Amino acid sequence: MKWCLDHLGLPRNGFPTIFSELLSNGAQQVRKQNTHIDCRTFLPTLGTLMSIVPRAVGRTGSGAPVTRAQNSQLIAVISEFGFTHADLAQKISDVITRYYGPQTPHTCDERTIRRWVRGDVRWPTQRYLFALEQIFRRPVRDMGFIPRGKSSSVPVPPAAATPKEVPVHRRSFISGSAAVTVATTLGMSEVPQRGHISMNDVARVTSRIDTLNARFLATGGGSVVDVATHHINGLRRMLNGCTYSDRVGKALHGAVSSLYSQAGWGAMDNNDSRRAGSLYRSALNSALLADDPNAIARSWDSLAMHARKEGRQREALQIAQASLDNRRARNDPYVDTLLNSRLAIAHALTGNERKAVTSLTAAESAYERVHRTSPPAWLAFLNEAEMSGIGALVHRALGDYHRAADSAAQAITLAPSSMPRSKAYYTVLLAEIQVAQQEHEKAAATITTIDSGPTIHRIGARLSRVKRALSA
């Protein structure tokens, strides 16, 4: 016995008693039939026993703790679906109850998941394996689990407990509206409607929204608002028809908020102020559900702008002030720039020159930090041209038309060719300032430079007012 332990490099006084007794009993049985005993006879048996010693006692032959590799594949899958350990444990329990019946033992908690992740359990019990395959839609071997012989199959649940209809179709298509052509072009015609969705699905949705944002910056409202509202309906069906973790659910609400905000801007471009207000309020509701500081800041900013356009200047000021209390959002220099810009405009329109200048200076200081990071897609318009345009709005509201005209002209010069909507907006703004200065000839020359490309009702309505003023 001692020779066998020494041969395997095991401590004589550290080997578990239960295995020592087992080998000794085996030796006694051999002695009854043989006069010579070669302990090497027991090496295969001892080797087999040693394969389970670490699991039984948690130590190697040398007495050191067993170091198991983490199940990196399982960790990656859990992260892909956005689950916490508690989320996954609950999902597994739900699947087992659904397929095997409520009477089946199915205790699964965070501790169980942690043991899988640490690699303590290389092949869970069969009902857990079945639940994992149902949840993640892939073989358990692709989750890093290692089979262990005949018990390594994944069983089909009892037929009586299997639901009559298991949702397996994950895609449905939007159709039946004028927005379909644009939606298809932008890759927004397909969204998950059934099954489980993960952060990968959210990433695809977000990418399509970013594409829509880029289109809006280039062309303005029109078909953009129709596509946005249509896609919102698709995402709402996704939220109600699919299963997902809390993290994924919040991300989806954030995506819905972004679409509501985008649709609101489109409605404003179409001069549909009432619809825009409703869309902005819905954006705020979804942003709060998402607990997304940037989405909340964007919604407050949109509501402040909407109040200003409707002439509710004091309310716009109050909203702008409230939005600056969002400290988490202000960590982003782009968001900080935007919120201070809105506050500067609000102070200017309510006649507080000192605070307007202070807020404008704060916005310019925040903008000096933007080079350290990339802007969110919805703030891609916030560039040097926009900063000059904001300065023009503040100075015009304060009655300083000379500085306002200079800032507007600079905005036109700085506006990139990829943003014709912005260039048209700044050009009309400059013409309005020139009309206010009684510089009609300059205003007439300014409006002739407007590109007739994108048809934006709000800008077109302002241009019409300039033309009427010039012909009066």
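The values are calculated or read from the model by the stated rules, or taken from the named source; none is laboratory data. Owing to the predicted nature of the structure, the values given are computational and were not obtained by experimental measurement. When we count neighbours, we look across all protein chains shown, and the Cβ atoms used for this are built from the backbone with ideal geometry, even at glycine.
Within the range 256-278, if we keep just the residues that are surrounded by fewer than 24 Cβ atoms within 10 Å (Cβ to Cβ) and touching a helix residue (DSSP H, G or I) at 6+ places or on another chain (Cβ under 6 Å), the residue that is modelled with the highest pLDDT turns out to be 277. Here residue 356 fits the description: buried (at least 22 other Cβ atoms within 10 Å of the Cβ), over 30 Å from residue 228 (Cβ atoms), in contact (Cβ under 8 Å) with a residue 24 or more places away in the chain and in contact with a Ser or Thr (Cβ under 9 Å, 6 or more places away or on another chain). Taking the conditions exactly as written (surrounded by fewer than 18 Cβ atoms within 10 Å (Cβ to Cβ), among the hydroxyl-bearing types (Ser, Thr, Tyr) and more than 23 Å from the chain's Cα centre (by Cα)), does residue 365 satisfy them or not? Taking the combined requirement at face value, the residue satisfies it. Yes or no: the range 321-331 includes at least one residue that is assigned to a helix (DSSP H, G or I), in contact with a Ser or Thr (Cβ under 6 Å, 6 or more places away or on another chain), surrounded by fewer than 24 Cβ atoms within 10 Å (Cβ to Cβ) and not hydroxyl-bearing (Ser, Thr, Tyr). Taking every residue of the range 321-331 in turn, none turns out to be assigned to a helix (DSSP H, G or I), in contact with a Ser or Thr (Cβ under 6 Å, 6 or more places away or on another chain), surrounded by fewer than 24 Cβ atoms within 10 Å (Cβ to Cβ) and not hydroxyl-bearing (Ser, Thr, Tyr).
Residue 422 meets the stated requirement of being in a helix (DSSP H, G or I), under 30 Å from residue 256 (Cβ atoms) and among the polar types (S, T, N, Q).
The C-beta contact set for the range 82-93 (first residue free of Cβ contacts under 8 Å to residues at least 24 places away in the same chain and in the same structural domain as residue 117 (by TED's automatic domain parsing), second residue of a type in the set (Val, Ile, Thr) and crowded, with 21+ Cβ neighbours inside 10 Å, distance under 8 angstrom, 6+ apart or interchain) is empty.
Each row is one residue, and each column tells you yes or no for (1) without any contact (Cβ under 8 Å) to a residue 24 or more places away in the chain; (2) farther than 22 Å from residue 390 by Cα; (3) under 21 Å from the mean Cα position of the chain (by Cα).
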| position | (1), (2), (3) |
| --- | --- |
| 258 | no, yes, yes |
| 287 | no, yes, yes |
| 299 | no, no, yes |
| 311 | yes, no, no |
| 316 | no, no, no |
| 320 | no, no, no |
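Number of residues in the range 67-79 that are touching a Phe, Trp or Tyr at 6+ places or on another chain (Cβ under 9 Å) and more than 15 Å from residue 133 (Cα to Cα) equals 1.
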